[in-house]
Amino acid sequence: DAKTTQPNSMESNEEEPVHLPCNHSTISGTDYIHWYRQLPSQGPEYVIHGLTSNVNNRMASLAIAEDRKSSTLILHRATLRDAAVYYCILSDYNTDKLIFGTGTRLQVFP
Amino acid sequence: DAGVIQSPRHEVTEMGQEVTLRCKPISGHDYLFWYRQTMMRGLELLIYFNNNVPIDDSGMPEDRFSAKMPNASFSTLKIQPSEPRDSAVYFCASSGLSPSGARSTDTQYFGPGTRLTVL
């Protein structure tokens, strides 16, 4: 399984944009890039995923580098509720498996 | 839909006892996943099923662990005998086809987890 590298922690102030980076230099052509987050004392929840093009949904945006070796999850206006551990995960279309790494712990200050 | 349902939410047992964790996936989902989360090892995939059939159990730590899915709406993870090092939060997740019929196993929906403590 291809590996991802994320910073251990990041901080943000409320209502500011947050850019969470992820490096995946060994990504293969069939690997999708997924982002999940885990709020305190809850199970992980899906945030967004993409293959090559940038993606937007109601929760966040995903910016994928042209060479696909890195990506950035963008929270446009952080709220206190966005404080969580954010996981960047690669999965091959054919395996159905998600292999979670250690993620980035995001702290949001009022 | 109520989402993925897990029971019990908390379980405290003594070493050597049998523990059974239960999961009800989202109706219509054909994939079911069992994960374990600890501070030391993070979130680990234990086993997953497709259409009630185990597809990959390479993450199951040892023979003390077993999982079954007798039908599309129910799965169990059993630990027998339990040991203190099995203490963790166990999550169940499900995924399946989107309403358009497209494969949508990218999105896994997680349950609230079962916090297991083995004394």
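Looking only at segment B:47-71, filter to residues that are crowded, with 18+ Cβ neighbours inside 10 Å and either touching a residue at least 40 places away in the same chain (Cβ under 8 Å) or under 17 Å from B:ILE5 (Cα atoms) (or both); which one of those is nearest to the other protein chains (Cβ to nearest Cβ)?
Top of the filtered list is B:TYR48.
Can you work out which of the residues in segment A:3-27 that are closer than 23 Å to B:GLY59 by Cα and exposed (fewer than 15 other Cβ atoms within 10 Å of the Cβ) is nearest to the chain's Cα centre (by Cα)?
This residue is A:THR5.
Within the set of pairs 6+ apart or on separate chains, which have a first residue in segment A:46-72 that is over 17 Å from A:LYS3 (Cβ atoms), a second that is charged (D, E, K, R) and surrounded by 16 or more Cβ atoms within 10 Å (Cβ to Cβ), and C-beta atoms under 7 Å apart?
Pairs found: A:VAL47/A:ARG37; A:HIS49/B:ASP106; A:THR52/A:ARG68.
Quick check: is even one residue across segment A:13-25 over 25 Å from B:VAL89 (Cα atoms) and without any contact (Cβ under 8 Å) to a residue 40 or more places away in the chain?
Looking for residues that are over 25 Å from B:VAL89 (Cα atoms) and without any contact (Cβ under 8 Å) to a residue 40 or more places away in the chain, one finds none in segment A:13-25, hence no.
Which numbered condition in (1) part of a loop (DSSP other than H, G, I, E, B); (2) over 25 Å from B:MET40 (Cα atoms); (3) of a type in the set (Val, Ile, Thr) is the only one that A:ILE99 fails?
(2)
Quick note: the coordinates plus some simple rules give every number you see, no bench work behind them. No experiment lies behind these values; they were computed from the predicted model shown. Glycine gets a Cβ as well: all are built from the backbone with ideal geometry, and neighbour counts include every protein chain shown.
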